[in-house]
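These notes are about the structure you will find just below.
The values are calculated or read from the model by the stated rules, or taken from the named source; none is laboratory data. Being a predicted model, the structure only gives us computed values, none of them experimental. Every residue, glycine among them, receives a Cβ derived from its backbone with ideal geometry; neighbour counts consider all protein chains shown. Side chains are part of the model used for accessible areas, which takes the heavy atoms of the whole protein and leaves out ligands, DNA and RNA. Shrake-Rupley method; radii C 1.70, N 1.55, O 1.52, S 1.80 Å.
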Amino acid sequence: MTIREQTEAIEKQILHPKACLSSQSKGRQKPEKEGEIRTCFQRDRDRIIHSKAFRRLKHKTQVFLAPKGDHYRTRLTHTLEVSQIARTIAKALRLNEDLTEAIALGHDLGHTPFGHAGEEILREIYPGGFKHYEQSLRVVDILERKGQGLNLTHEVRNGILKHSKGKGEIFSVLGGSETLEGQIVRVSDVIAYVNHDLDDALRAGVLKKSDIPAEFFKIGSDQPKRIDTLVKDVIYTSIAAGIKEIKMSKEIKTTAYALRDFLYENIYEGEATKGEFRKAKKILLDLYNYYLEHTDEVFMEIPKEIIRDKERIVCDFIAGMTDRFALMTYEKLFLPQPWMVL
């Protein structure tokens, strides 16, 4: 018996009956021989961590465009916070931590530069429309490994595709993830961002503490306490429901939704970010149009027959940019460069 098989046997003994077992995965798009040491979900997690797209997350905006402060969240720190919250919930419910972690680490790989602004801009200018969760799946299926993709398991791919909810229902089972582990990432994403984005907005001076409705302090006077309240509520409410689905109590869910709506109104779609949004739109639109005329300059390592559509390959290239690379490239292409006299 290999170490992997021992791990799979342990999963059967200790995980909840509703957990997604590694040994019962629906498999990969391209069949592979199983490893000796790691389960399929462990291998998926490691492939994501070692991917180029994962490394680029450290220089992609979470909310505030190209922030200069050292303590603002980036897309990478957001991803790590989601992973930590999701693993805590999965462990408490005796669900598959490895699957949960893999989904969490891969859920935002397709996010654009300049955060929500970048996604909205690509949605406007790319004829096929743009959704970051669909792009995350393109990253792991096609764009990584020079066009070969990461060949992840069905369960991880499904969790990545179904994690996003925008302003919609967080706990909707209809159209949601097939696994409880994927449902955990969906709610953990919200728990993470409604707390850390509020924290960053206070740090940036976009909001003052007096601007925040008093009802939000009922679940915690600060970020750690609010996260603790939300995580515990998900755990205990899901247990009370027999862990048939991931749930939150009515009272806490109402507050969480209200906090999310408050952030959309005052931060994501607020006046403070609209000016920066217009700048980001100008940058990405100009880059998009430039690369439509110079597609030979994008994805040199990916064979062109893999992505035949010119608009699609440019959209993929722009979406993969970091904030600083987009700014640097824009400056190089469109701004006069000083002469160097020796």
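So is Leu109 assigned to a loop (DSSP other than H, G, I, E, B), among the hydrophobic types (A, V, I, L, M, F, W, C), buried (at least 23 other Cβ atoms within 10 Å of the Cβ) and out of contact with any Pro (no Cβ under 7 Å at 6 or more places or on another chain) or not? Against the criterion (assigned to a loop (DSSP other than H, G, I, E, B), among the hydrophobic types (A, V, I, L, M, F, W, C), buried (at least 23 other Cβ atoms within 10 Å of the Cβ) and out of contact with any Pro (no Cβ under 7 Å at 6 or more places or on another chain)), Leu109 qualifies. Would you please list the contacts, defined by Cβ atoms under 9 Å and residues six or more apart or on different chains, that run from a residue in segment 303-319 that is within 19 Å of His132 (Cα to Cα) and of a type in the set (Phe, Trp, Tyr) to a residue that is part of a helix (DSSP H, G or I) and open to solvent by 60 Å² or more (accessible area, probe 1.4 Å)? Short answer, once both residue conditions are applied: Phe317/Glu297.
Looking only at segment 158-182, filter to residues that are out of contact with any His (no Cβ under 8 Å at 6 or more places or on another chain) and in contact (Cβ under 8 Å) with a residue 40 or more places away in the chain; which one of those is most open to solvent (accessible area, probe 1.4 Å)?
Result: Lys167.
Can we say Asp228 is open to solvent by 50 Å² or more (accessible area, probe 1.4 Å), modelled with pLDDT of 95 or more and closer than 20 Å to Ser83 by Cβ? Yes: the conditions hold for Asp228. When Ala86, Ala90, Ala104 are screened for being in a helix (DSSP H, G or I), at pLDDT 95 or above and either of a type in the set (Ser, Thr, Tyr) or more than 13 Å from the chain's Cα centre (by Cα) (or both), only Ala90 passes. Within segment 259-292, restricting attention to residues that are within 30 Å of Gly176 (Cα to Cα), open to solvent by 30 Å² or more (accessible area, probe 1.4 Å) and not aromatic (Phe, Trp, Tyr), the residue that is modelled with the lowest pLDDT is Glu269.
Condition first: aromatic (Phe, Trp, Tyr), without any contact (Cβ under 8 Å) to a residue 40 or more places away in the chain, open to solvent by 10 Å² or more (accessible area, probe 1.4 Å) and in a helix (DSSP H, G or I). Can you find one or more residues in segment 186-202 that meet it?
Step one: filter segment 186-202 for residues aromatic (Phe, Trp, Tyr), giving 193.
Next, only the ones that are without any contact (Cβ under 8 Å) to a residue 40 or more places away in the chain stay: none.
The answer is no; no qualifying residue exists.
Answer yes if at least one residue in segment 4-13 is of a type in the set (Asp, Glu), farther than 30 Å from Glu119 by Cα, touching a helix residue (DSSP H, G or I) at 6+ places or on another chain (Cβ under 7 Å) and open to solvent by 40 Å² or more (accessible area, probe 1.4 Å), and no otherwise. Scanning segment 4-13 turns up no residue that is of a type in the set (Asp, Glu), farther than 30 Å from Glu119 by Cα, touching a helix residue (DSSP H, G or I) at 6+ places or on another chain (Cβ under 7 Å) and open to solvent by 40 Å² or more (accessible area, probe 1.4 Å).
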